[in-house]
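Okay, so here's the structure we're looking at.
The values are calculated or read from the model by the stated rules, or taken from the named source; none is laboratory data. Please read all numbers here as calculations on a predicted model, not as lab measurements. Cβ placement follows ideal geometry from the backbone for every residue including glycine, while neighbour counts extend to all protein chains displayed.
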Amino acid sequence: MLTMKDIVRDPDPRLRTKAEEVTDIDGETVSQLKEMREYVINSQDAETAEKYGLRPGVGLAAPQIGLNKRMLAIYVENEDGEAEYDYMLINPKVKSHSVNQTYLPGGEGCLSVDEDIEGLVHRYQRIRVTATTTDGEKIEIKAKGYLAVILQHELDHLDGILFYDHIDKDFPNDPKIGAKPLE
Ligand SMILES: O=C(O)C[C@@H](Cc1ccccc1)[C@H](O)SCc1ccccc1
Ligand code: NI
């Protein structure tokens, strides 16, 4: 299973690299992506997270475990403990997005960034993403709200972008005009 020792930390240059498209969805790629999903699920289980010292995450992108592949995993449960968002995406691509922006009022964090960095990270309110699944199926996701934020955070990792790159250096806590907080 993946643990924190497998998570690449800023300023490792692998986090600043544009990841390569996956050209062959072979067994190794599928098992790597399943391991990434398993990390995210384990990290949200209090007992497992404590036992193995896992920082909680709702998503993980391949460059964060040192893999130069355009793939990511997202897992979020609802209050009943059932999967609300459960995705393993290969070669995801943003096809369109809203003009309007949103942000998490408390800012963002990242498993690959050990320090807490204050400031608002503005994201698009809605995005439309296409991707390939582990069984080679092409899917389209129309995301809004929290899923849209998580997706954009993970998609940024595939392009070597970290959340704090988006924070305004002069006015880090000022919402942009027209941006809506994600409650
Ligand atoms: O490092 C990662 O990519 C996982 C990120 C994902 C993320 C951060 C901010 C906003 C959206 C997604 C974090 O580890 S997630 C941290 C976290 C854990 C539990 C609940 C919410 C956020
Ligand atoms: Ni991150």
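Where strands (runs of 3 or more DSSP E) fall wholly inside segment 95-153, the ranges with 1 or more residues that are within 30 Å of ASP26 (Cβ to Cβ), of a type in the set (A, V, I, L, M) and within 15 Å of ligand 1 (Cβ to nearest atom) are 126-132, 138-144. For segment 53-82, a tally of residues being crowded, with 24+ Cβ neighbours inside 10 Å, more than 11 Å from ligand 2 (Cβ to nearest atom) and closer than 11 Å to LEU2 by Cβ returns 1.
Filtered by the rule that a residue be exposed (fewer than 13 other Cβ atoms within 10 Å of the Cβ) and either in a helix (DSSP H, G or I) or in contact (Cβ under 8 Å) with a residue 12 or more places away in the chain (or both), segment 14-33 gives LYS18, GLU21, GLY27, GLU28, SER31.
Using the structure shown, decide if LEU89 is within 11 Å of ligand 1 (Cβ to nearest atom) and touching a Leu at 6+ places or on another chain (Cβ under 6 Å). Step through it out loud before you land on a result.
On the way: within 11 Å of ligand 1 (Cβ to nearest atom): no; touching a Leu at 6+ places or on another chain (Cβ under 6 Å): yes.
So LEU89 fails the test.
Cβ separations smaller than 6 Å between residues 6+ apart or across chains give no pair from segment 54-68 residues that are modelled with pLDDT under 95 to residues that are acidic (Asp, Glu) and more than 8 Å from ligand 2 (Cβ to nearest atom). With respect to (1) in contact (Cβ under 8 Å) with a residue 24 or more places away in the chain; (2) out of contact with any Pro (no Cβ under 8 Å at 6 or more places or on another chain); (3) more than 23 Å from VAL30 (Cβ to Cβ), the lone exception for GLY160 is condition (2).
Of the numbered criteria (1) within 16 Å of ligand 2 (Cβ to nearest atom); (2) surrounded by fewer than 21 Cβ atoms within 10 Å (Cβ to Cβ); (3) closer than 15 Å to GLN152 by Cβ, the one GLY106 fails is (3).
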